[in-house]
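Written below as structure tokens is the structure these notes are about.
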Amino acid sequence: MTRAGSTGSGRDWPAALCAPVRNLPSHSRLRIALSGGMDSVLLLHVAARLYGATGQLSAVHINHQLQPNARQTERFCQQLCGVLGVPLDIRRVTVNAADQDSRNSASGIEESARNARYQVFEEILTPGELMLMAHHGDDQAETVLFRLLRGTGVIGLGGMPRSRPLGKGRLYRPLLDFSRRELQAWATENGIDWVDDPSNIDERFDRNFLRLAVIPLLKTRWPSLINRIRHSADSCRESDELAGRLAGIRFQQCADEQGALAVKALGSLAVAEQKNLLRWWIRHFHQEPPAMADWPQVLGDLLNAPADREPELRGSGFVIRRYQGYLHLVPVRQPLPSDRLPLVAGQPLVWGEWRVTLTASGECKTGAPEIRVSTRAGGERIRPNPDGPSKSLKNWLQENNIPPWDRARLPLLLEVKNGKEELVGVGDLWLSGKYCGGAPASGWRIVVERE
């Protein structure tokens with residue numbers, strides 16, 4: 001383990017290095033993602049020099065507990081922040097480290113560690129906070145090459161964005177325009193100490209293999225490799241931005257008020273535009289599009305299957321379904337309770353994505369009714385108008401154009417009297433006058449809310 005010397009917030013750092021750290025997006029507080037490595041330690045020194053006196057700077061160290069020197073690195077970060085007068089938040093996470101002997105499992109551990117790290121960042125950031133990360137030009141080159149080899153599209157080849165939302169705050173990378181060599185030269189010249197992660201020399205990890213074996217070889221042939229990749233990444237981001245703008249225009253032309261895509265309008269577009277819109281649409285609903293080589297086949301199934309078919313596209317956490325001439329993006333939900341549950345007065349009942357509450361209305365003089373919550377079992381009947389006839393709930397839902405996947409998850413509210421059940425509510429679609437309005441006839445009010 002190495003220890004930081006006295007070089008700190010009082011040192012004059014090069015103007016070129018300070019400029020991007022000084023010119024940050026608007027923020028209320030700054031956090032530095034401090035790994036203990038060269039680049040994050042250098043960033044912390046510069047940030048302490050520029051912002052240490054404001055009282056708005058702190059650091060976050062994520063201990064993945066994977067390396068033999070993990071505790072040493074944690075102590076190093078504590079000592080460094082103590083010298084610089086920067087508050088430090090240490091978070092220990094558990095990463096599945098089983099079966100590390102194979103290259104594939106090593107790559108999986110690398111991805112799991114990254115996910116655990118960013119999950120912590122998302123949890124701790126508050127509105128207005130900016131998380132600074134010390135990724136540099138070489139990191140960007142590794143990312144672009146890594147994604148290229150994985151077969152990603154333009155959005156992936158755009159590399160890491162300089163800024164993006166993260167939790168309730170934002171992430172910002174001020175050092176992307178510098179190479180690792182430039183940063184290390186400044187760190188060495190100013191006597192900065194850091195801790196090397198022993199896993200960084202393990203070529204089982206894909207990024208390490210690119211960093212240690214591939215990129216140095218490419219640099220011998222193309223010395224300006226990092227700049228070339230950066231320019232290509234910039235061009236890809238611009239292309240992705242233009243594609244996003246086009247998709248937004250097409251979305252306005254093809255979507256209904258709920259955001260479903262009209263099959264006929266979508267089918268009138270060129271295949272490239274269909275793919276572009278569908279990917280944008282999936283991200284619009286905060287999901288990640290699946291990587292598929294057979295997009296034309298998938299689009300053909302969604303758009304051209306006979307009317308009596310129910311084609312679908314499954315992604316991670318969602319399903320795209322076709323219904324009545326529209327494509328709907330349906331999130332995958334948690335299973336609903338298998339039993340009928342009682343609705344207890346004053347105790348909200350969570351039913352899947354629903355929240356149902358029974359409360360007394362005004363000066364209620366009657367005891368709480370017996371209400372049970374259930375899903376459809378078949379054969380239920382509904383009386384939409386108090387003085388009108390009853391009708392099949394199945395037919396009523398069809399008449400109101402409720403998609404099949406929503407019908408199966410609707411909470412049905414059943415009032416029990418004298419051993420008989422009466423349907424008094426269907427999700428947030430219909431509620432008997434006995435339990436709604438300014439003065440419910442029963443003296444009790446039911447409130448049904450959907451997330």
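Summary table
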read-out: Residue check, E421 outside the structural domain of E310 (by TED's automatic domain parsing), modelled with pLDDT under 90, part of a strand (DSSP E or B) and not hydroxyl-bearing (S, T, Y); value: yes
read-out: Close pairs from segment 89-102: first farther than 18 Å from R114 by Cα and part of a loop (DSSP other than H, G, I, E, B), partner modelled with pLDDT under 50 and among the aliphatic types (A, V, I, L, M), Cβ under 9 Å, at least 6 apart; value: none
read-out: Selection within segment 176-190 - among the charged types (D, E, K, R) and either surrounded by 16 or more Cβ atoms within 10 Å (Cβ to Cβ) or under 14 Å from A19 (Cα atoms) (or both); value: D177, R180, E182
read-out: Filter pass, E110 being under 25 Å from A48 (Cβ atoms), surrounded by 15 or more Cβ atoms within 10 Å (Cβ to Cβ) and not assigned by TED's automatic domain parsing to the domain that holds M292; value: no
read-out: Which numbered condition Y323 misses (of (1) within 15 Å of the chain's Cα centre (by Cα); (2) under 13 Å from W405 (Cα atoms); (3) of a type in the set (F, W, Y)); value: (1)
read-out: Unique residue being more than 15 Å from V447 (Cα to Cα), aliphatic (A, V, I, L, M) and assigned by TED's automatic domain parsing to the domain that holds T357 when the list is L414, L429, L393; value: L393
read-out: Given (1) at pLDDT 90 or above; (2) under 30 Å from D256 (Cβ atoms), index of the condition P348 fails; value: (2)
read-out: Whichever residue in segment 379-431 is touching a Leu at 6+ places or on another chain (Cβ under 8 Å) and among the small types (G, A, S) and, among such residues, is surrounded by the most Cβ atoms within 10 Å (Cβ to Cβ); value: G425
read-out: Condition broken by A291, with the remaining ones in (1) surrounded by fewer than 18 Cβ atoms within 10 Å (Cβ to Cβ); (2) over 24 Å from the mean Cα position of the chain (by Cα) satisfied; value: (2)
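The values are calculated or read from the model by the stated rules, or taken from the named source; none is laboratory data. Bear in mind that the values here come from a model prediction, so they are computed numbers and not experimental data. Cβ coordinates were reconstructed from backbone atoms using ideal geometry, including for glycine residues, and neighbour counts include every protein chain displayed.
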